[in-house]
Amino acid sequence: MTNAQVAFLRNLIATTAAERQAGPIARRLADIEGVGRVDRTRVLYTPQDHERAANLLRSRGYPLEAPAAAGPRSSAQGAASEKLNAAPVAQQLVAAVLLNFPDPVPAMHPRGCFVAMPWSQALAVPYEVLLVCENLEPLLQLHEFTWLNEHVKGRPCMAIYRGGPRLFGTDAAARLLAHDDRPTLAFFDFDPKGLSMAASLPRQEAVCLPPWPALREAVLAQKRTHLYTNSYQHSSAHLDAVDDASITLAWGRLRSLATGLNQEGFPR
């Protein structure tokens, strides 16, 4: 996704615009990403399109608002502390866990830990598939989700945290995704918002969910109906329009239960 497309989506979300002139960016986002409907010289937007735009940015790792311009602490000026007017140290880092690498692996880390590296250096890691994990805690516990290998298939895999508002931002993960060309695996919550973000992941090869009998049992046992209802209204239109078979299957199963499940509650 280009910087101009990101800026367009951010403006669309901020203004909740009902229409835009059908310029090249608006047309491409409508035709390729399904954000909006082209009507002659205009592109028309509904509230579902605004949510679709937000999910698209989140899934690619971009914050919904442009971060304030900032530099490293070493070059911070005009402030009482080097922490003011400077970018967070972790802003350009991705949190990663390496799976199925032969010894010696490119970056050693104990089980239950992650390594942090600049996104540009992460591109040089010789992984074959990139797994994008919605939450940080499950990233640290990947070795416990043994069913993940059904999707990883023994390949050298780098799993990264999608990013969030605190420790790691989303920009570094987004840059990694934008500059890479290897297939991705979507490891997100089992709820409408999570499936919508999974559907928006570029080069998505598979949606990583536990085997259905075990997942269904866990969903029914934990009864987290709010995870379904909280994002159903905003994500359902996008999910109804997706033609990816794995998303369609997961969406049908989620609707049949009308109850979601966060990654931390997935069976191990």
- Does segment 256-267 hold any residues that are touching a Pro at 6+ places or on another chain (Cβ under 9 Å) and assigned to a helix (DSSP H, G or I), and which are they? Gln263, Glu264
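What tally of residues in segment 27-65 results from selecting those that are closer than 30 Å to Leu130 by Cα, touching a residue at least 12 places away in the same chain (Cβ under 8 Å) and of a type in the set (A, V, I, L, M)?
8
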- Message: When you scan segment 175-189, do you find a residue that is under 21 Å from Pro267 (Cβ atoms), assigned by TED's automatic domain parsing to the domain that holds Phe101 and touching a Ser or Thr at 6+ places or on another chain (Cβ under 9 Å), even just one?
- Response: yes
- Are any residues in segment 11-26 more than 23 Å from the chain's Cα centre (by Cα) and under 22 Å from Pro202 (Cβ atoms), and if so, which ones? Pro24
- Message: Looking at Ala80, Ala68 in this structure, which one is part of a loop (DSSP other than H, G, I, E, B) and modelled with pLDDT of 50 or more?
- Response: Ala68
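Inside segment 239-262, can you point out the residues that are among the acidic types (Asp, Glu) and in contact with a strand residue (DSSP E or B) (Cβ under 8 Å, 6 or more places away or on another chain)?
Asp244, the sole residue that qualifies.
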- Message: Being loosely packed, with under 12 Cβ neighbours inside 10 Å and either at pLDDT 90 or above or not assigned by TED's automatic domain parsing to the domain that holds Val242 (or both) is the requirement here; does Thr46 meet it?
- Response: no
- Message: Tell me the residue from Ala214, Ala198, Ala221, Ala178 that is surrounded by 21 or more Cβ atoms within 10 Å (Cβ to Cβ) and either at pLDDT below 95 or on the phi < 0 side of the Ramachandran plot (or both), please.
- Response: Ala198
- Task: Among the residues of segment 157-186, count how many are among the acidic types (Asp, Glu) and farther than 16 Å from Gln121 by Cβ.
- Result: 1
- Residue hits (segment 200-227; under 28 Å from Glu33 (Cα atoms), in contact with a Leu (Cβ under 7 Å, 6 or more places away or on another chain) and without any contact (Cβ under 8 Å) to a residue 60 or more places away in the chain) are Ala206, Leu209, Leu227
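The values are calculated or read from the model by the stated rules, or taken from the named source; none is laboratory data. Treat the numbers as computed from the prediction; the structure is a model and nothing was measured. Note: ideal-geometry Cβ built from the backbone for every residue, glycine included; neighbour counts use all protein chains shown.
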